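This report concerns only the one structure given below.
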Amino acid sequence: MRHPISPARQAAPGRKRRAPRRAAVFRALCATVAAAVLAVLALPAAAPAQAADAPRVIHVAKNGSDSNAGTQASPYLTINHAAQVAQPGDTVMVHAGLYRETVKPARGGTDEQHRITYTSAGDGAVTVKGSEEVNSWTRGTGNVWSATLPNSYFGDWNPYAQGQPNGGGGGTFAGYTAGDVYLDETAYYEKPSLSTVQGAANTWYSEVGSSSTTIWANFNGADPNARLAEINVRRQIFAPDVWGLGYITVNGFTVEHAANTYSDFPDSPDRRQAGAISVYGGLKWIIQNNIVINARTIGIDIGLSNDTWAGNRPGTARTDFHNTSAYGSHIVRNNYIAKCGQSGIAGVFSWHSQILYNMIEDTNYRNEFSGAETAPIKVHYMNEGLIKGNYVKNSKGSNSAGIWTDWGNQNVRITGNIVMNSPWGYYAEAVFGPILVDNNVFIGNSDIRTLDATGIVFANNLFLDNANIHNDGSGRDAYYFQPGTMNETTALTSPEKFFWYNNLVQGSTLPANATDKTQVQEGNSTGTVSNVHYTATNTQMSLNFDLDASGIHGNTPVTQARVGKMPLANQSIQADVTTDFFGQPVSGTNTMAGPFATAHNGTNSVTLWPPAGQTVPTPPPPPAGTPVNLSLGANAKAVASYQDGSYLASNAIDGNGSSRWSSDHSNDPSAWIYVDLGAQYAVSTAVLNWEAAYGKAYKIQVSDNATSWTDAYSTTNGQGGNETVNVGKNARYIRMQGVTPATGYGYSLYEFEVYGTPVGGAGTGSATVYGDANYTGTSAAFGPGSYDLPALQAKGIANDSISSLRVPAGYTVTGYADAGFAGTAWNFTGDAPNLTTTGNNDAISSLRVTANGS
């Protein structure tokens, strides 16, 4: 991230500088003046707490009324009404249902004993959406429908009139707004023109006039008025209008469809961080056990929103960032966060906060925002903070990291995390350290990177196939701090020093010493890991590998004394590394390299997720009948006419938006790549995520045997980027057949996504599975065939959720404990009303239905 600076302080090209130390005096003066005139600022004032009464439980339910008393017998209707009356010590108990509103707490708690807690009642899912259902669509040409709404419909925030900020000035991401369109909970792709939408399924475009807003969407043959069609309308879902509230707990909600904007270089209010859930400059919030999905940009923000409001830039400060008793110290734990366009969790000035045991996946999954702030976890100035036990998977964007510590972040620990399939697995920028990165597992990221950083200690990590590990930049003016405070001094981050202790490294090379870059390397083991296999879903991460431990000996634990104090910061790492990924003690002598203290010579098997002792929300399954990405199925594989070096066909179906397949150097304009789905599916669409070398003319073809191909789609006007094309055929094999490349570099795909559902369904020979015993709960029918986990999920059957099943006469159902038809297998030749009695309740991850004798 960079910050705009005055012309008088303009840095040399290629170097980004912060304001000098004397600016801190100016900021402090601004903060003092701002406090004196706060009464005349247009800032909402915190509602006063009433005289101390006994804490009460305030109930909210869909059968309530805001004119009720808020009791269990007479509940309120809206959460926000409860938020206006809740006093310190109260609990707002929200009962099951769908709430379309923004919750704006009027006040916070006063201390840990008098929090205001917002929680689900436990009687079913509590979903709070930033969207509204629209069922007034009018069909136009082909599969395109339109809806026109008066601008008054949106109140003071029309997402379709809001650009997405890009860069440090007034620029925007061309063609993107804060709006979103959803059909059956699936977010569509925004396009820059109506003509583009007419030719691309699952896309939309909007225009805002003086009095109305019109949205066009290509619903790919579906009737949106007969389905659940929604558009986002609210910027945030749980966010006060009152600055700086403290001691609030948000627990157990499902939060969806925030219409927020990208916070590129958050140094000013117009580019502030505004999450679906936001602490809005608050103190000691606890955000836990929530599900946050499809925030347009940020899922949860935990900071002071921007530099100006923090007193770190000229302007009106709301909280002086030096005053650490007034903000930060938040806990964000055990949340499931998915499909956020910018970040799962972000915080600028997020002092002393803890980010613990969250599952964050598919950040920027539509690959729309590649600005300077895209990362599942992105924090600035989270000094004295802790990032522990998180599972971060699949983020996209050319400028994106799995975990990104940017500016400040002194004395931070990043430990026990899993980071997979990100452009940069870990990225440290403009910091002096110390930052301790220990006991993490990094798999399949394109880089481990630092930029203008020093004082980073990498200890006992496992690096698997992360391509480059490198230290960029030649130094930058940045802050270091008096230990335990936010009292800053500015200096150049160069010369730089990095520490590498007891790491296991496979597929990468640790950086060597270079000018002004010193590498301390002790106890690392490279090239000793082989035969790596892993299962990585959003509910499970297990890892198997062979280890040659014969050369790993004589290592000792990493301690504060061993590392020593970092220059200028005058501080050592946050803690000694005395335990491993699982919290088990490490040996004081002959310490094992890597994050597993009990790893041994030979084959090792570990389950990394879910984390032991933690309860993490189960990701919701897709609605029944919703197409899923079949390319990620356990049996899917990719084949290409040509593979350019390491740019393999398999890269196009690995879920990693930074790896790619390429046909470059084949000099073949007819190069192709196909996906073998492993079985026949009803394929609805294909999504091509092109690199710069895209197809100007190409075909999408289908086949049942990979020999005879039928055209499903053809174009001579490919646009590159993300292209969604309609397929609408039953097939096992889906091929991109090149005709004319747009550049001289052939064809290159980051991802070749194929969406569809199982062929077959209820009827003769169909088995039916149920989520509860005695043939109750969520159910789905499966005809003869093989159904891997994505196929089960496509029909609404979550992983490990089957509790009873019916088997038609003459058929056998085989259930498997693992996806990919692996693990323990159980055969059922008749109905099974309660799988608990047979020892396999909630244990099936894939299944086959076969006719006896076939």
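The values are calculated or read from the model by the stated rules, or taken from the named source; none is laboratory data. These numbers were taken from a predicted model, which means no experiment stands behind them. Cβ coordinates were reconstructed from backbone atoms using ideal geometry, including for glycine residues, and neighbour counts include every protein chain displayed.
So which of A54, A47 ends up being in a loop (DSSP other than H, G, I, E, B) and either out of contact with any helix residue (DSSP H, G or I) (no Cβ under 8 Å at 6 or more places or on another chain) or at pLDDT 95 or above (or both)?
Of the residues listed, the single one that is in a loop (DSSP other than H, G, I, E, B) and either out of contact with any helix residue (DSSP H, G or I) (no Cβ under 8 Å at 6 or more places or on another chain) or at pLDDT 95 or above (or both) is A54.
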Counting only residues in the stretch 80-92 that are closer than 28 Å to N232 by Cα and surrounded by fewer than 23 Cβ atoms within 10 Å (Cβ to Cβ), the one nearest to the chain's Cα centre (by Cα) is identified as N80
If you take the residues in the stretch 351-394 that are in a loop (DSSP other than H, G, I, E, B) and hydrophobic (A, V, I, L, M, F, W, C), which one is nearest to the chain's Cα centre (by Cα)? A375
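Would you confirm whether any residue within the stretch 329-337 is outside any loop (DSSP other than H, G, I, E, B), among the basic types (K, R) and either assigned by TED's automatic domain parsing to the domain that holds V279 or at negative phi (or both)? First the steps, then the outcome.
Kept after step one, since they are outside any loop (DSSP other than H, G, I, E, B), are these residues of the stretch 329-337: 331-333, 336-337.
Those left that are additionally among the basic types (K, R): 333.
Checking which are either assigned by TED's automatic domain parsing to the domain that holds V279 or at negative phi (or both) leaves us with 333.
Within the stretch 329-337 (the criterion being outside any loop (DSSP other than H, G, I, E, B), among the basic types (K, R) and either assigned by TED's automatic domain parsing to the domain that holds V279 or at negative phi (or both)), the answer is yes, since at least one residue qualifies.
Tell me whether the stretch 412-419 contains one or more residues that are outside any strand (DSSP E or B), modelled with pLDDT of 95 or more and hydrophobic (A, V, I, L, M, F, W, C).
Here is the first cut: in the stretch 412-419, the residues outside any strand (DSSP E or B) are 416-417.
When the remaining residues are screened for being modelled with pLDDT of 95 or more, the result is 416-417.
Going one step further and asking which of them are hydrophobic (A, V, I, L, M, F, W, C), we end up with none.
Scanning the stretch 412-419 turns up no residue that is outside any strand (DSSP E or B), modelled with pLDDT of 95 or more and hydrophobic (A, V, I, L, M, F, W, C).
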What do you reckon, is S263 touching a residue at least 12 places away in the same chain (Cβ under 8 Å), under 16 Å from I337 (Cα atoms), crowded, with 24+ Cβ neighbours inside 10 Å and among the polar types (S, T, N, Q)? no
Over the stretch 124-141, the set of residues in a strand (DSSP E or B) and surrounded by fewer than 18 Cβ atoms within 10 Å (Cβ to Cβ) is E132, E133, T138, R139
Evaluate the stretch 435-442: report whether one residue or more is under 22 Å from W609 (Cα atoms), crowded, with 24+ Cβ neighbours inside 10 Å and touching an Asp or Glu at 6+ places or on another chain (Cβ under 7 Å). yes
Within the stretch 209-248, restricting to residues that are within 23 Å of T148 (Cα to Cα) and aliphatic (A, V, I, L, M), the one that is surrounded by the most Cβ atoms within 10 Å (Cβ to Cβ) is A217
3 or more residues among the aliphatic types (A, V, I, L, M), under 28 Å from L792 (Cα atoms) and touching a helix residue (DSSP H, G or I) at 6+ places or on another chain (Cβ under 9 Å): qualifying strands (runs of 3 or more DSSP E) within the stretch 626-707: 672-690
Mind counting the residues in the stretch 173-198 that are surrounded by fewer than 21 Cβ atoms within 10 Å (Cβ to Cβ) and either of a type in the set (A, V, I, L, M, F, W, C) or touching a residue at least 24 places away in the same chain (Cβ under 8 Å) (or both)? 9
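Out of D438, D465, I need the residue that is modelled with pLDDT under 95, within 29 Å of N544 (Cα to Cα), assigned by TED's automatic domain parsing to the domain that holds Q519 and not small (G, A, S). Which one?
Details: D438 fails: modelled with pLDDT under 95.
Criteria check complete, one pass: D465.
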Determine whether the stretch 61-75 contains at least one residue that is of a type outside the set (A, V, I, L, M), under 27 Å from the mean Cα position of the chain (by Cα) and surrounded by 22 or more Cβ atoms within 10 Å (Cβ to Cβ). no
Quick check on the stretch 616-637. Is at least one of its residues farther than 29 Å from D788 by Cβ, of a type in the set (G, A, S) and either surrounded by fewer than 21 Cβ atoms within 10 Å (Cβ to Cβ) or not assigned by TED's automatic domain parsing to the domain that holds G695 (or both)? no
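Mind counting the residues in the stretch 637-653 that are of a type in the set (F, W, Y) and within 14 Å of D668 (Cβ to Cβ)? Spell out how you get there, then give the answer.
Going residue by residue through the stretch 637-653, those that are of a type in the set (F, W, Y) are 642, 647.
Keeping just the survivors that are within 14 Å of D668 (Cβ to Cβ) gives 642.
Qualifying residue count, the stretch 637-653: 1.
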In contact (Cβ under 8 Å) with a residue 24 or more places away in the chain, aromatic (F, W, Y) and touching a Pro at 6+ places or on another chain (Cβ under 8 Å): which single residue out of F498, F545, F463 fits that description? F498
Tell me which residues, restricted to the stretch 163-172, are buried (at least 20 other Cβ atoms within 10 Å of the Cβ) and either hydrophobic (A, V, I, L, M, F, W, C) or within 20 Å of T203 (Cβ to Cβ) (or both). Q164
N466 vs (1) farther than 14 Å from Y427 by Cβ; (2) touching an Asp or Glu at 6+ places or on another chain (Cβ under 9 Å); (3) buried (at least 17 other Cβ atoms within 10 Å of the Cβ): all pass except (1)
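Do we have G746 as in a loop (DSSP other than H, G, I, E, B), closer than 30 Å to S714 by Cα and modelled with pLDDT under 95 here?
Numbers: in a loop (DSSP other than H, G, I, E, B): yes; closer than 30 Å to S714 by Cα: yes; modelled with pLDDT under 95: no.
Taking the combined requirement at face value, the residue does not satisfy it.
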So in the stretch 271-289, with the set limited to residues that are in a loop (DSSP other than H, G, I, E, B) and in contact with a Pro (Cβ under 7 Å, 6 or more places away or on another chain), which one is nearest to T102 (Cα to Cα)? Y280
Requiring at least 2 residues that are hydroxyl-bearing (S, T, Y) and under 29 Å from the mean Cα position of the chain (by Cα), the strands (runs of 3 or more DSSP E) wholly within the stretch 142-214 are 172-177, 203-208
Could you tell me which numbered condition M382 fails, if it satisfies all but one of (1) crowded, with 24+ Cβ neighbours inside 10 Å; (2) under 29 Å from N232 (Cα atoms); (3) modelled with pLDDT of 95 or more? (2)
Of the residues in the stretch 496-508, those that are at pLDDT 95 or above and either surrounded by fewer than 17 Cβ atoms within 10 Å (Cβ to Cβ) or not polar (S, T, N, Q) (or both) come to E496, K497, F498, F499, W500, Y501, L504, V505
Could you pull out the residue among Y76, Y118, Y99 that is touching a residue at least 12 places away in the same chain (Cβ under 8 Å), under 22 Å from K284 (Cα atoms) and among the aromatic types (F, W, Y)? Y118
Here is a check on your reading of the model: is E190 of a type in the set (D, E), outside the structural domain of N364 (by TED's automatic domain parsing) and in contact with a strand residue (DSSP E or B) (Cβ under 7 Å, 6 or more places away or on another chain)? yes
Being buried (at least 19 other Cβ atoms within 10 Å of the Cβ) and touching a residue at least 60 places away in the same chain (Cβ under 8 Å) is the filter here; which residues of the stretch 683-719 pass it? V683, S684, T685, A686, V687, L688, N689, W690
Identify, by number, the condition in (1) part of a loop (DSSP other than H, G, I, E, B); (2) in contact with a Lys or Arg (Cβ under 8 Å, 6 or more places away or on another chain) that N220 doesn't meet. (2)
Answer with yes or no whether A453 is of a type in the set (G, A, S), in contact with a Ser or Thr (Cβ under 8 Å, 6 or more places away or on another chain) and buried (at least 24 other Cβ atoms within 10 Å of the Cβ). yes
